[in-house]
Structures are given as C-alpha cells and as structure tokens.
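A.B. asks: One structure follows; several queries about it will come next.
Values in this text are rule-based calculations from the coordinates and carry no lab data. Predicted model, so just to flag it, every value in this text is computed and none were measured. For neighbour counting, all protein chains shown are included, and Cβ atoms are generated from backbone atoms with ideal geometry for every residue, glycine included.
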Amino acid sequence: MADRRLVGIDLGIASAHTVRVIDQTGETVAKRKCYPTVESLTQVETAAMAGAPAGTRLEVIMEPTGPAWLPIAVFFARRGHMVFRVSSAKASDLRKFFSRHTKTNGIDADTLARIGIVDPAGLIELRLADAPRATLDRRVRAADRLTAQASEHKVRIKDLVRQVLPMSPLTGDLGAADLAVLERFADPNLLVTAGAKRLTALITKASHGHLGAERADEWIAAAEASLELYAGHPAVAFADLAAEIATEVRLLAAIAAELAAHGAAREAAYKAVDPSGLARSLPGIAEVGGPAIVAAMGEPDRFAKGKQFRSFTGLVPKASETGNTDRKGQPMSKAGSSLLRTTLVRAADTARKQDPQLARIYYLQMVERGKDHLGATCVVAANLAERAWTVMRRGEPYIIRDTDGRPVTPSQARSIINERWTVPADVRARRRSKKAGKAPKNVLTGQSRPQTGHRGDLPLTPSSALAS
C-alpha cells in the first residue's frame, strides 16, 4: 500500500485543537495539541511527515466546526496538502462504533483520521474559494441573515400593535407609511390627539402619495376602539408598549439600511462570478436566488454529475431498502445548506408555472403519485437543482422547452401548461385533505392524464431542457 498520513483534527472553539496522525495501516504516528498559528500548525505538519517518503501529501480531516475550520484549511491547503470536511453525523456514527461509552477529544480526532481508511470514497477534497466567490458567499449569507432578522422584527411589531390596537389596521405587509405612524403615534391616545389632518399629511409623505385620508381614518378608528375597550385599565401600559414599538421600528430601519448595502455588494460579487447571468436564466430564479445558488454550488466541476449536486442540496429522499422491501416516499435527507434548499423550493413553485417540463413533473407527482403541493414542489426543486448544475457546468443559458424537447416562447409555455399540465381542482382539494390518503403509485386519481402525442412517458434529464 502507498504510504499515507491521515491527520484527524478535533477543532476547539475556545480551546486548543486535538490532533491525531495515523498511517495507512491505522497505526498512530503522532498525537499533538495545536493552535491556529503558523508556528503551532508547522509543528503538527513536521510531526505528521516524520518518516514519510518525500512528496507525501497529508490528508487532513475535520468537521466544519463554526469558523474554526477555515484557518486550518487555509494553512494546509496552501502547503499543498489535501483537506477534507466531513459531516458531524458521519463522524458521530463512526465514533460510537469505535467507542460507544466514552467521548474525548482524542477519540474524536482519532475517529476523524480513520474515516480516511473506513470510507475513502466518501471524502471529497475541499476547494477553497477564490476572492470573488468568497465575497459572494459572505454577502449572500449576510443578506439572508438580515432578511430573517427583518422578518422577526416585523412579526414582533405586529404582535405589539395588536396589544395596543386590538382592531389593528395592519392586515398585510408593513409599509413605509405604517412604520412612520407607529414610530410616532403607536400610543392610541397620541393617535387620537394627532387628528386626521396631521396623520394624513404624515401618511401621504411617507407613502409618496399612494395613501392618504382613508388610511388615516383607519388608524384613528382603531385607536378609538382601543380606548373604548380598555377604558384606561392600568394593566395596559400604552406609553411603554408604544416605546417598544418605536424601538422595533428603528431597529427594522437600521436592518433595512444594512441589507441594502449588503445587497448592492452581493450583486457586484455575483456579476464578477457569473457575468453572463447563467443562474438567473433558470425559471423561478430571480435577483436573490441566482447569487444564492452560485454561492452554494461553488465550482460546478467539483460535482462529477448533476445527481451529486442534487444530493448535496438535501432534496433527495432517504433510502430504506432491506431484503425484498424497498420503501418509497421516505423523508428528504435535508443535508447541506438550508439556504440553498429553501431557495430552490421557492423557485420551483414559480418555475413549474413557466416551464412545461417542470410542470409535467409537478403534475405527475400530484395526480399520479399522490403527493401534496409541498411534496410535489420539492421534487420539482430537486430537478431544478440538477438543471442548475448543468447550466453552470456547460456555461450555456437555460432554454425553456416543451416535453418533446422543442424550444418554446414564454407565452407558448404558459399555454402548454394550461392545456396539458394543470392539476385539476378536485385533485388539488383531495391532496389538501389529510383524510384522503395517498394514491398508489402509477395509478391515476381524479382525471385521466391527457394524451399529448409527446414523449411524456420518457424520463427527463437535465440536458433535455438545454440547448444542445
């Protein structure tokens, strides 16, 4: 066997990293503690390479523990060694096999090193991003996090407003005029005192003339109803609730400003990585989805096939097969990035209304496979992921085609979908009901499948949706 040096590193967040080095036979070569400094990591490299033939490359294996993996990966990759990140679930399962009742940092590091012997095919070498991709990844993550925080603040504002104004006029999304009113007059006493004229002026200015006196009357009516209902009860602290609402409004405004800055930087980074806008040529992928997919995918050629990227998204079902039993309909694995998975699922619901091939997949899942809307959409999302990899790998924009492979215009695609691949209302209603159960596979429920004269029964491949 060729000489190997496998380095398992159990990363510490606030403590030293624990290192175990083994050779190809599993014999321990070195045990060390190290810190993320050049001097400390060089000592680990020297100890790991002791007695190894010239030209040996270390195989460094670790879990993606917080941000601690990055400096280790950069150091060893720059020195020409191979770096691997393995899932915490895989490492945990193997550790329990080696030592079920004991868990130490040393055992964890030794387990990581032995993964290279037990499951070498399961290791995929880590590729560190170049500058544009690293920038895109960070901006995508920051914008997503800020978007989630903004949503939380909006929910909190609505909840607080329902306390001070039980008949809250906030029935939809929060607009600029609503926020302007709440920042100044969340207390119903102040709302009534401000009067219709003053409120109308504020609302008109904040909404740029889209709203006015009618909206002001809604706010005043809600304030009067609140004052009549509570009748000055001391348990309702109007002034304090109003102060908390104003704080939430200001925090939301600050997040919106930061999100706009990160969004602009994200767009610049996306154009540097994908100047042709290939990701955005996919149906359902818009301004936010394109950068998210490109950032999560990285270099497309790190996946040998589209199915590997599909598995990477976590949108594939778990496998459960034993003896003569093969259980279908298993839950999704949900491995990989939750942001990527969410982006694809949201895009899939739009894409099925634009692309006949994806519409057909959705139709068959709903009508013949008995899936509900979300389950069918997830299947479409998995297919969309594979097509996204094909687009990025080939460097060619996506072309919408009919199920026979013929390119079609957007209007033609909508007509085809409406005529052939629209789920009947009664089938959709049954899928919403939990009492109806699932339809057997390959057995039609509801309407019969339309006869199209196209190759509707042939399995789709990602290339069938692209220009040859």
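A.B. asks: Rg and Dmax in Å for region 330-426, alpha carbons only: what are they?
C.D. replies: 13.7, 42
A.B. asks: Can you compute the equivalent ellipsoid semi-axes for the chain, i.e. the square root of 5 times each eigenvalue of the Cα gyration tensor, sorted largest first and rounded to whole Å? Numbers along the way, then the final one.
C.D. replies: On the way: eigenvalues 458, 253, 102 Å².
Ellipsoid half-lengths, sorted descending, are 48, 36, 23 Å.
A.B. asks: May I pose another question? Give me the log10 of I(q) over I(0) for region 134-266 at q = 0.12, 0.16, 0.23 Å⁻¹, as the Debye formula computes it from C-alpha points; what are the numbers?
C.D. replies: -0.51, -0.80, -1.34
A.B. asks: Which of rounded, prolate, oblate describes region 55-166, given a ≥ b ≥ c as roots of the alpha-carbon gyration tensor eigenvalues and a/c under 1.5 marking rounded, otherwise prolate only if a/b is larger than b/c? Before the final figure, lay out each step's value.
C.D. replies: Values: a/c = 3.99, a/b = 1.77, b/c = 2.25.
Oblate.
A.B. asks: State the answer as a single residue: which of 36, 12, 71 lies farthest towards the positive end of the charge dipole of region 1-129, with beta carbon charges of +1 for Lys and Arg and -1 for Asp and Glu, about the Cα centre.
C.D. replies: Farthest towards the positive end: 12.
A.B. asks: Enter the angle in degrees (range 0 to 90, nearest 10) between the Cα long axis of helix 410-420 and the first principal axis of the Cα atoms of the chain, meaning the one along which they spread out most.
C.D. replies: So the helix axis and the longest Cα principal axis differ by about 90 degrees.
A.B. asks: Starting from the Cα-Cα distance between residue 176 and residue 28, subtract it from 0.36 nm times their residue separation and give me the gain in nm to one decimal. Don't skip to the answer; put the middle values down first.
C.D. replies: Details: separation 148, 0.36 × 148 = 53.28 nm, distance 6.41 nm.
Result: 46.9 nm gained on full extension.
A.B. asks: Can you give the angle from 0 to 90° between the axis of helix 69-78 and the longest principal axis of the chain, with both taken from C-alpha atoms, to the nearest 10?
C.D. replies: Once rounded, one gets 50 degrees.
A.B. asks: Take every DSSP beta bridge whose two residues both sit in the chain, then give the antiparallel share in percent to the nearest 5.
C.D. replies: On the way: 18 of 27 bridges.
Once the DSSP bridges in the chain are tallied, antiparallel ones form about 65 percent.
A.B. asks: To the nearest 0.05, what FRET efficiency results for residue 159 and residue 117 with a Förster distance of 45 Å applied to their C-beta separation?
C.D. replies: Values: r = 54 Å, r/R0 = 1.20.
Here the calculated transfer efficiency is 0.25.
A.B. asks: Another question, if that's okay. Could you give the length gained on full extension between residue 425 and residue 88, defined as 0.36 nm per residue of separation minus the Cα-Cα distance, in nm?
C.D. replies: Values: separation 337, 0.36 × 337 = 121.32 nm, distance 4.40 nm.
Gain on extension, residue 425 to residue 88, equals 116.9 nm.
A.B. asks: Could you please report the charge total around residue 305, scoring K, R as +1 and D, E as -1 over all other residues with beta-carbon less than 15 angstrom from its beta-carbon?
C.D. replies: Values: positive: 302, 307, 310, 387, 393, 394; negative: 299, 301, 386.
Once positives and negatives cancel, what remains is +3.
A.B. asks: Run the simple label-point estimate for residue 399 and residue 201 please: 7 Å along Cα→C-beta, distance reported in nm.
C.D. replies: Placing both labels 7 Å along Cα→Cβ, they lie 6.2 nm apart.
A.B. asks: Under the 0.36 nm per residue contour assumption, what length would be gained going from the current alpha-carbon distance of residue 251 and residue 236 to full extension? List each step's numbers first, then the result.
C.D. replies: Values: separation 15, 0.36 × 15 = 5.40 nm, distance 2.36 nm.
Between residue 251 and residue 236, full extension yields 3.0 nm more.
A.B. asks: If you keep only loop residues by DSSP, which trypsin sites (Lys or Arg not before Pro) in region 35-97 have at most 12 other Cβ atoms within 10 Å of their Cβ? Provide the component values of the computation, followed by the final result.
C.D. replies: On the way: sites: 57, 78, 79, 85, 90, 95, 96; in loops: 57, 79.
Those that pass, being in a loop and sparsely packed, number zero.
A.B. asks: Further question: Taking the Cβ of residue 129 as the center, what net charge do the other residues with Cβ under 12 Å away carry, scoring Lys and Arg +1 and Asp and Glu -1? Mind dumping the intermediate values first?
C.D. replies: Numbers: positive: 127, 133, 138, 302; negative: 130, 137, 299.
Residues near residue 129 contribute +1 overall.
A.B. asks: Sticking with this structure for a sec: Determine the shape class of region 338-377: with a ≥ b ≥ c the square roots of the Cα gyration tensor eigenvalues, call it rounded for a/c under 1.5, and otherwise prolate if a/b is greater than b/c, oblate otherwise.
C.D. replies: Details: a/c = 3.08, a/b = 1.41, b/c = 2.19.
Oblate.
A.B. asks: Further question on the same structure: For the chain, which span is the longest to avoid every loop-located (per DSSP) member of GluC sites (Glu not before Pro) having at most 13 other Cβ atoms inside 10 Å? Walk me through the numbers on the way to the answer.
C.D. replies: On the way: sites that count: 27, 287.
Of all site-free stretches, the longest is 28-286.
A.B. asks: A further question follows. With a Förster radius of 60 Å, plug the Cβ-Cβ distance of residue 307 and residue 221 into 1/(1 + (r/R0)^6) and report the FRET value to the nearest 0.05.
C.D. replies: Values: r = 58 Å, r/R0 = 0.97.
So, using R0 = 60 Å, E works out to roughly 0.55.
A.B. asks: Can I ask one more? Can you find, among 200, 24, 397, the residue farthest towards the positive end of the dipole of the chain? Put +1 on the C-beta of Lys and Arg, -1 on that of Asp and Glu.
C.D. replies: 24
A.B. asks: Placing unit charges on C-beta atoms (Lys and Arg positive, Asp and Glu negative, everything else neutral), compute the dipole magnitude of the chain about its Cα centre in debye, rounded to 20. Mind dumping the intermediate values first?
C.D. replies: Numbers: 67 positive and 49 negative charges, 310 e Å.
Rounded to the nearest 20 debye, it is 1500 debye.
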